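Report on one structure; see the data block that follows.
The values are calculated or read from the model by the stated rules, or taken from the named source; none is laboratory data. Values in this document were obtained by computation on a predicted structure and should not be read as measured data. So basically every Cβ, Gly included, is an ideal-geometry build from the backbone, and we count neighbours across all protein chains shown. Surface areas here come from the heavy atoms of the whole protein model, side chains and all, with no ligands, DNA or RNA. Shrake-Rupley method; radii C 1.70, N 1.55, O 1.52, S 1.80 Å.
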Amino acid sequence: LYSIILFCVFLWIPFVYFYYEEKEEDDGNTCSQVKTALKYTLGFITICAVLLLIGAFVPLDIPNKKNSTEWEKVKLLFEEFGSSHGLTALAFSISSLTVIGMLAAITYTAYGMSALPLNLIKGTTSAAYERLENTEDIEEVEQHLLRIKSKCRDGRPLSSRDRRTVQQLEERLRTLRRRERHLESIEKSWWTKFCEAIRPLKIVWGVFFIIVALLFTVSLFLSNLDKALHSAGFDSGFIILGTNLTNPLNMLLPVLQTVFPLDYILITTIVMYFIFTSMAGIRNMGIWFFWIRLYKIRRGKTRPQALLFLCMILLLIVLHTSYMIYSLAPQYVMYGSQKYLIQVRCNIFFKKKKNLAFCIKNVLLTVTFKARPILDQCIVTRTYLFLHKFWFFSAAYYFGNWAFIAVFLIGLIVSCCKGKKSVIEGEVDEDDSDMSDDELPVYYH
């Protein structure tokens, strides 16, 4: 599955993206489009190859021999690569992508976890009320235009300042008229009536989502605080092999694991929750590259390139979810429901019924305890070993979790302070063209 993710991120999605980019510029030769897409995709394949090579030959165990020759060091690298069967190379590449997924989760998922529930609870403004306000704005802009244009009735040209003002007002008027068309369609649509009918259900879902978001945040905070207090520090990647501060999810998952498949159901629910909140964050913010907005995600009008970016971002966020689950429930990811056995020698008194005499007998008892890392009797899961092969990635994940909590709290405050969303939020912007209104979504009609 990890290899399939590498294939999608470095080969398939870039190829389809550049194919569509070339198709928009040149609608003629398909062969030329494929060649150009392959040329750009080759760069992504090169990056993937470099990551695999770095991961394959980065020594995890440095030899203690100070007088070893260069050939012995190179031989050690190849021996490590052969013994791991390329698993270290794959782990390095996946960890690199997971760091990118962590940045996407901090940007979109953390904000979506706060924005989605509060938007469901607060709802949107009325389409009829927005349309009335929009009509008043149109009349005001038209009157302002008439006042400026009346200055040149006697044949005098307008000043450069007035010309700029007229241009801005005409662009503003075009946007308001586009809003008018959208609001009129939404006001008459069956989708608006359906959303009004399920308004109580939206409030219930919003309350549920905000409770789940707070539960995740508290669990993540306790897990990170445990690492800050009890781990070996930055050089070890803030890794601890046990839990000193427990959290609700860390207690619940090992218990559910004893009854198949309850733990898988909860893990699937967590992953789907992260996907929904991530999509809500991307829907509200759009796709950005630093301070430049590349694409907007809008119902029925999203470009193919934006959908490909959306798929790639969701892939990376789900990839980061593997580590996020470790942060939320380290006991479950490291040891599951394993228990170890210890033998305790104690004295037990037995009473004989015949002569009422007492005797003492040494008995060897076997006691079952929950998994603890102090004793080397529990096997650490493959997932944990795969995620923590490189300490510097673990350190990056640790600081990323603090950033995730901070962005969630900031987003929660901002979402609480903001008013209700517009019923056409993100559908009509000033940088859109009038051509985008030619085909309104089907549920608007």
If you stretched the chain out fully between ARG299 and LYS35, how much longer would it get, using 0.36 nm times the residue separation minus the C-alpha to C-alpha distance? 91.8 nm
Simple spin-label estimate for PHE399 and LEU42 in nanometres, 7 Å along Cα-Cβ: 3.7
Can you compute the FRET efficiency between ILE203 and HIS230 using 1/(1 + (r/R0)^6), with r the Cβ-Cβ distance and R0 = 30 Å? Round to the nearest 0.05. 0.15
Need one value: the accessible area of GLU170 in square angstrom, 1.4 angstrom probe, rounded to the nearest 10. 70
Residues GLU425 and ARG177, FRET efficiency given R0 of 25 Å [Cβ-Cβ distance, rounded to 0.05]: 0.85
Modelled FRET efficiency - R0 41 Å, LEU103 with LYS151, Cβ distances, 0.05 increments: 0.20
Can you list residues whose amide H is under 5 Å from LYS421's amide H, if they're 5+ apart or on another chain and H is modeled 1.01 Å from N? THR125
Search the structure for amide H atoms under 5 Å from the amide H of TYR295, placed 1.01 Å from N in the peptide plane, and list their residues when 5 or more places away or on another chain. ILE287
Provide the gained length on full extension for the span TYR129 to LEU1, in nm with one decimal, where the gain is 0.36 nm per separating residue minus the Cα-Cα distance. 41.1 nm
Distance in nm between pseudo-label sites at ILE413 and GLU142 (7 Å out along the Cβ direction from Cα): 4.4
Approximate spin-label separation VAL259-ARG382, in nm, with each point projected 7 Å along Cα-to-Cβ: 2.8
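Sort 292-298, 161-167 by the packing proxy (mean of other Cβ within 10 Å over each peptide's residues), most packed first. Mind dumping the intermediate values first?
Working: 292-298: 15.3, 161-167: 12.3.
Descending mean neighbour count gives 292-298, 161-167.
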